[in-house]
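The values are calculated or read from the model by the stated rules, or taken from the named source; none is laboratory data. Source: prediction; values computed, not measured. Reconstructed Cβ throughout: ideal geometry from the backbone, glycine too, with neighbour counts over all protein chains shown. All accessible areas refer to the heavy atoms of the entire protein, side chains included, with ligands and DNA or RNA removed. Shrake-Rupley method; radii C 1.70, N 1.55, O 1.52, S 1.80 Å.
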Amino acid sequence: MDLNETEFDLLADYAVRHGISMADAARYAISLMLEAERCASIADDALREVLGGK
């Protein structure tokens, strides 16, 4: 995964504030992205059901 400078800075800041490694911070960020993707998929399915499969 390639990070731009801002994303890298945010990840580094999170790691420092929480006293964890950059690798652990990256793993946590990835898990949050996967969870967000899963939630978006559930919301999309629910919306399709409400709209009658449109």
Give me the pairs, please: first residue somewhere in the range 36-50 and open to solvent by less than 100 Å² (accessible area, probe 1.4 Å), second residue anywhere and not in a helix (DSSP H, G or I), beta-carbon distance under 7 Å, and either six or more positions apart or on two chains.
none
Which members of the range 25-54 meet the condition of being among the acidic types (Asp, Glu) and within 8 Å of the chain's Cα centre (by Cα)?
GLU35, GLU37
Residues in the range 11-24 that are within 16 Å of the chain's Cα centre (by Cα) and open to solvent by 60 Å² or more (accessible area, probe 1.4 Å) total 3
Could you give every pair whose Cβ atoms fall below 6 Å, whose first residue belongs to the range 1-19 and is at positive phi, and whose second residue is small (Gly, Ala, Ser) and at pLDDT below 90, counting only separations of at least 6 or pairs across chains?
none
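Does ARG27 satisfy the condition of being charged (D, E, K, R), touching a Lys or Arg at 6+ places or on another chain (Cβ under 9 Å), open to solvent by 100 Å² or more (accessible area, probe 1.4 Å) and without any contact (Cβ under 8 Å) to a residue 40 or more places away in the chain?
Values: charged (D, E, K, R): yes; touching a Lys or Arg at 6+ places or on another chain (Cβ under 9 Å): no; open to solvent by 100 Å² or more (accessible area, probe 1.4 Å): yes; without any contact (Cβ under 8 Å) to a residue 40 or more places away in the chain: yes.
Judged against the criteria, ARG27 is not a match.
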Residues (in a helix (DSSP H, G or I) and loosely packed, with under 12 Cβ neighbours inside 10 Å) located in the range 1-10
GLU5, THR6, ASP9
Are any residues in the range 15-54 assigned to a loop (DSSP other than H, G, I, E, B) and either modelled with pLDDT of 95 or more or closer than 23 Å to ASP2 by Cα (or both), and if so, which ones?
GLY19, ILE20, SER21
